[in-house]
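To start, the structure under review is shown below, and the notes come after it.
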Amino acid sequence: MPYEIVINFLLRDFSKIKVFIKMELYKKENNTLERKVLELTVLYEISQLLISHSEPKEVLESVLDILNSRMGMERGTLTLIDIDSHELMIEVAHGLTRGEMKKGHYKVGEGVTGTVVEKGEPMIIPRVGDSPLFLNRTGARKEIPKQNISFICVPIKIGDITHGALSVDRVFNNEISLEEDVRFLSILASNIAQAVKISRMASDEQKRLREENITLREQLKERYSQYNIVGRSNKMREVFSMIEQVCGSDATVILRGESGTGKELAANAIHYNSARAEGPFIKINCAAIPENLIESELFGHEKGSFTGATEKRIGKFERADRGTLFLDEIGTLNTSAQAKLLRVLQEKELERVGGSKTIKVDVRIIAATNKDLEMAIKDGTFREDLYYRLNIFPIYVPPLRERKTDVLLLADFFMEYYSKKYRKDIRRISTPAIDALMRYHWPGNVRELENCIERAVILCRDNVIRGNHLPISLQTPEISGTATSGSLAESLDAFERDMIIDALKSSRGNVTEAARILTSTERVIGIRIKKYGIDVRQYK
């Protein structure tokens, strides 16, 4: 009888048990579905956040905020391997102070985070108080009983290489599936890995550019050192002395001298050896810009300020802020631009063309001109007040005809430079060519000499620059001031004599070697030496 009662009871309530089981299964399935929908929503929201910023690293803190507010994952932490120290450092964190973040650094293999990075596999610590691996180095969990916290850490991998870890806290709860959390965080970590990759690529590129910039500035400083301006004459020594004195100040400098004397080189030396060397060095040739555009070029303009001003333009003065502005051929400026320039020099402020906003600028001015400014003042084409404002520290760069002792030095310098540029083995300049260079009056100054030597290097087919490689202006006796009425025979004798002298120079006075160079015999060369009265001893 008791068995019948039990069986009847089971049969009566079996339908209720079936309903209960179905309800529990439905509830579990429903919770799982809700969880998956939530995960997908959060992942989509985070992915949109990451791709919407050019610098993904900046939004990683917001990612951790979302994990906390939407998923209940507390103290989310992104830890990355530091490139320099190779230690794990906290990059961003939610719910940690700056002091706690600084404490959170680990060696690879140390603690939970270090182990995850070392092995490249996720870890779950159900109760942090029960695990010796959990170091709590940040000290952020003092006020919460350790037994109530679960810790989940997943690796951040780019390819097969682990670069860091993503970790979160969970308040311990039997209803929460920590395995599901690991699956979700692993997917999220792969998205973060791409952001880290982009960020590190950008960081490496920025570092490379910074290093290149420093290297370039050092090279510019070395290249444009006053000691690299070629010249040993007394007049150039005076120029070097003036440059050295003015480099240590912010004084306005005006470089006077003929075109082609090297005024721009002097301006470079002043800027790159001054306290403003780290700032921009902006150059503008005032003579090369039409009068109606010079003000826009110097001071900028606002959109719509004149016909053709389709957008705002930043002028050279603003671009040169905290640096130096080199105004070449300043004597060509029109009076309107001169007035605005005077204001900038005096007040350190300007207004763009068509604008009303006053803009403060900190710019050092180096001006240059080949014009007689004093005569221009008398003619009314140059403002006297601007002249005195510019003429604080004048430096006169002498023309080449006043520093003849530098001609050969410069010629050798340019010969070496262009020989390397055009990959030629040119070792010296012949005596006749040197004589021609020294006799010429050089109206184009150093620039003309440079062009002359470049041409000679291009034409030269052996290792010596000869007179016939020089421009016709240097070869023609009438132009060089050495006209003679010699016959053809005399000219041939002169040419033969020059060739013998060149050979003796190459052989250091050895007649036998000179004869070999000239594809002749020692006897023939000896006769010619005696004929032309050549003193062999001076070449030994």
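Using 0.36 nm per residue, how much length does the chain from Val524 to Gln538 gain when fully extended, once their Cα-Cα distance is taken away? Mind showing how you got there, number by number?
Numbers: separation 14, 0.36 × 14 = 5.04 nm, distance 2.01 nm.
Full extension of this stretch gives 3.0 nm more.
Can you tell me how much longer the chain between Ser85 and Arg137 gets when fully stretched, taken as 0.36 nm per residue apart minus their C-alpha distance, in nm with one decimal? Please list the in-between numbers first.
Numbers: separation 52, 0.36 × 52 = 18.72 nm, distance 1.83 nm.
Here the answer is 16.9 nm.
So if R0 is 51 Å, what FRET efficiency would Ala288 and Leu38 give, r being the distance between their Cβ atoms, rounded to the nearest 0.05?
Working: r = 66 Å, r/R0 = 1.30.
Computed FRET efficiency for Ala288 and Leu38 comes out at 0.15.
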(Q) Take Arg127 and Arg461, extend 7 Å from each Cα along the Cα→Cβ direction, and tell me the distance between the two endpoints in nm. (A) 9.7 nm
Q | Ranked by how many other beta carbons lie within 10 Å on average, peptides 417-425, 150-158 from highest | A | 150-158, 417-425
Q: Can you tell me how much longer the chain between Asp250 and Ile472 gets when fully stretched, taken as 0.36 nm per residue apart minus their C-alpha distance, in nm with one decimal?
A: 75.4 nm
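Each reported figure results from applying straightforward, stated rules to the coordinates on display, with no laboratory input. In this text, all values refer to a predicted model and were calculated from it rather than measured experimentally. Cβ atoms come from the backbone with ideal geometry, glycine included; neighbour counts cover every protein chain shown.
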